[in-house]
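Asks: Below: one structure in structure tokens.
The values are calculated or read from the model by the stated rules, or taken from the named source; none is laboratory data. In this text the structure is predicted, and so the values were computed from the model without any measurement. So basically every Cβ, Gly included, is an ideal-geometry build from the backbone, and we count neighbours across all protein chains shown. These accessible areas exclude ligands, DNA and RNA; they are computed on the full protein's heavy atoms, side chains included. Shrake-Rupley method; radii C 1.70, N 1.55, O 1.52, S 1.80 Å.
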Amino acid sequence: MSHSPTLEEVRKWPATCEVTKAAQALGVSRAKLYGQIKSDTAPVKVLRFGRSVRVVTASLIRLLEAA
């Protein structure tokens, strides 16, 4: 896994991001976040576009700010 992005870096991301990038920001594995998304227990808001899943960056920022 590459470095965890800082909150300032995340704030510069587009409106939605890949699950892999969101998992890095949260400090969890991609598999764990996908599992939470599948079970509707993810701590961030997600958007589904067919088979594609994107994390709403604003919800990720709110979660990181609260930590």
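Asks: In the stretch 25-67, what count of residues is obtained for those that are in contact (Cβ under 8 Å) with a residue 12 or more places away in the chain, assigned to a strand (DSSP E or B) and surrounded by fewer than 16 Cβ atoms within 10 Å (Cβ to Cβ)?
Replies: Counting residues in the stretch 25-67 that are in contact (Cβ under 8 Å) with a residue 12 or more places away in the chain, assigned to a strand (DSSP E or B) and surrounded by fewer than 16 Cβ atoms within 10 Å (Cβ to Cβ) gives 1.
Asks: Also, quick follow-up: Out of the residues in the stretch 8-19 that are open to solvent by 50 Å² or more (accessible area, probe 1.4 Å) and in contact with a helix residue (DSSP H, G or I) (Cβ under 7 Å, 6 or more places away or on another chain), state the one that is nearest to Ile61 (Cα to Cα). Give the steps one after another, and end with the answer.
Replies: First, pick out the residues of the stretch 8-19 that are open to solvent by 50 Å² or more (accessible area, probe 1.4 Å): 8-9, 11-12, 14-15, 18.
Narrowing further to those that are in contact with a helix residue (DSSP H, G or I) (Cβ under 7 Å, 6 or more places away or on another chain): 11, 14-15.
Numbers: Arg11: 7, Pro14: 12, Ala15: 11 Å.
In this case the residue turns out to be Arg11.
Asks: State which residue pairs qualify: first residue modelled with pLDDT of 95 or more and inside the stretch 1-22, second residue open to solvent by 80 Å² or more (accessible area, probe 1.4 Å) and of a type in the set (A, V, I, L, M, F, W, C) in any location, beta carbons under 8 Å apart, and separation of 6 or more residues or different chains.
Replies: Filtered contacts from the stretch 1-22: no entries.
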